[in-house]
Amino acid sequence: MSFISKSIAVLPFVNMSGDVDNEYFCDGISEEIINALTKIKSLKVIARTSSFAFKGKDIDIRKIGEQLNVNTVLEGSIKKSQNKVRITAQLIDVKEGVHYWSRKYDRDLVDIFDLEDEISLAIADEVRNNFGYFDVQDHLVQQPTNSIDAYQLFLKGRSLQLKWTPKSIKKAISYYNEAIALDSKYAKAYYANLQCYGLLAMWGYMPYQEAIDLAINNLLIAKEIDTSLPEYPLSFVGRFFWEEWNFKNAFIHIDKVLAINPNHIDGLEAMAELCIVHGFFDKALMFANKLLEVDPLSGNNHYTLSHIYYYQHQFDKALESVNYALTLNPELELAHHLKCFCLIWLNKRELFNQLIQNTSLAEEKKLLFRLINESDAVIPENLIKKWEQPRSPETQLVPYDLFILSNSSYKSLAFSVLKEMINQRRGQIINYRQEPFIKPLQEIEGFAKLHRSNLSLSDIKPSSEEKEKSASSVLDDNQIEILKTELLKYFNEEEPYLNPQLSLTAVADVLGLNTNKVSYLINKAFNLNFNDFVNSYRLKQFKKMALNPKNTHLTILGLAFDSGFNSKSVFNTYFKKTEHLTPRAWLKANS
């Protein structure tokens, strides 16, 4: 596997506080740094789900990098004590398995947002220094609240929400409400409540209207505080997409989410699902693959991909993907159903029977298998009578009754059931036009008029597909030639590379430019990243000093440090990459 340039995974910071109750804080800070780095559009940042898959596991960093397809991994630790916090962080080159940057931060807890911003910017600079140009904003973290206590309550709520159980979500709401009590302008806490109440409504763990009313109330407050967050347009997607089937409005709001954050997991998933509804499979695959690029170890994302293959009647590929999804997350109930469907269409009876043992709706599953794969299957009369009754709001997650009727002699009843479910905007059949089990109904007059979408393929042109480089950072050819001459003169005459702490910022100050333009200049003029550019001078200096007879009393490492290198690992790694020899072997060959 070839690693994607300019990519990073942030592993969950290790809790060094000696208090397990601080685990939420460490996880929260890790996620905040991930979220900050995702604002850099040319940097691939692995999403939380995949990064946190390695929490508490002793796995070689190179293996982690290979699984996530990144060239850089950030690891670190946090020690929180009363009003003080210490954060250590180190960046690791995945290919070489060596640290190329590390730093320790000791701060008051009240400065945590400035610290998150400082760390995120430092990480971005170092990745850029090692892997080439991309534009970095002046700030990546905005202070969401004036109350540190409210922030800690928010992080507690977030840690519980991410457990995705009814109990944990209800507890999360209580923490969000406590945070709001301390800071009534805490927009992210209101948006978090909105999502929690929406989930409880959809799952049926709160009276639907009560939960929706609470969700709307939180939205009305949040939108008066901050509409710049991706949570704002995302809050409309559920209503337009799943409740109203107003697909054009759903697209508009999903696209707004991706315009704010092109790698937003919920936004990418919603866009993929929107394309699936309409049979825009090429577009759906594009968004699904983007999902897997930034979140490759999410079972849900592989389930999304398998659904696309399933609706394309590529049942073997769908089965392979859904099996992997269940390996990552065995609790994905919808994935179990999709696997069942694949085995039915592939007529894999033995695997099918093994799968449905001790599962619900086993009778319906077996009947559906026989209807698809046998010619003499008969639907029991008691089931027909049961399914002729009006649909109740609380129905099964997957409409086996509809699928069975559609593939029997009761197609007219199936059509009536389908029409009723569409009128009720039931999420279970939102993809009815693509569903293989419903295909027999497409021949019935009136099928095409069951629902008309207001979205077309030509509408799917995401505004989030912007140029990677902002106009403010790009230099024209004439500017590059002029600044290239200035840069070379500075390095040749002033020898700044001998300073082991030389930074891109220091060089930018000398040239009177911002760091984005200097990074771009070095990348375009020399086809090098900043660190390789500087280290090329240091290597030249090392060779000059090493071959000077006056320096035979100095060690190789001493010569490296005198040449400006600031660590043994960086020196050895760069030397071998450039010369294809160890420093000692090179010196022996040239003595």
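The values are calculated or read from the model by the stated rules, or taken from the named source; none is laboratory data. These figures come from a predicted structure and were not determined experimentally. Every residue, glycine among them, receives a Cβ derived from its backbone with ideal geometry; neighbour counts consider all protein chains shown.
Some observations on this one:
- Residues being modelled with pLDDT of 90 or more and in a helix (DSSP H, G or I) - total across the stretch 378-420: 17
- Residue selected from the stretch 149-198 under the condition among the basic types (Lys, Arg) and farther than 20 Å from residue 226 by Cβ, by the criterion surrounded by the most Cβ atoms within 10 Å (Cβ to Cβ): 156
- Exactly one residue out of 347, 353 is touching a helix residue (DSSP H, G or I) at 6+ places or on another chain (Cβ under 8 Å) and either at pLDDT 95 or above or crowded, with 16+ Cβ neighbours inside 10 Å (or both), and it is 347.
- Helices (runs of 4 or more DSSP H) wholly inside the stretch 221-317 containing at least 1 residues that are within 28 Å of residue 185 (Cα to Cα) and in contact with a Pro (Cβ under 6 Å, 6 or more places away or on another chain): 247-260
- For the stretch 198-213, the set of residues classified as over 17 Å from residue 161 (Cα atoms) and either outside any helix (DSSP H, G or I) or among the hydrophobic types (A, V, I, L, M, F, W, C) (or both) consists of 207, 212, listed by residue number.
- The single condition among (1) within 20 Å of residue 339 (Cα to Cα); (2) assigned to a loop (DSSP other than H, G, I, E, B); (3) without any contact (Cβ under 8 Å) to a residue 12 or more places away in the chain that residue 375 does not meet is (1).
- Residue satisfying all of: in the stretch 530-566; touching a residue at least 12 places away in the same chain (Cβ under 8 Å) and outside any helix (DSSP H, G or I); surrounded by the most Cβ atoms within 10 Å (Cβ to Cβ) among these: 565
- From the list 231, 210, 178, 224, the lone residue that is among the acidic types (Asp, Glu), touching a Gly at 6+ places or on another chain (Cβ under 9 Å) and on the phi < 0 side of the Ramachandran plot is 178.
- Residue match in the stretch 102-112 (condition: of a type in the set (Phe, Trp, Tyr), without any contact (Cβ under 8 Å) to a residue 24 or more places away in the chain and either in a strand (DSSP E or B) or crowded, with 18+ Cβ neighbours inside 10 Å (or both)): yes
- Once the stretch 423-454 is narrowed to residues that are at pLDDT below 90 and outside any helix (DSSP H, G or I), the residue that is surrounded by the most Cβ atoms within 10 Å (Cβ to Cβ) is 426.
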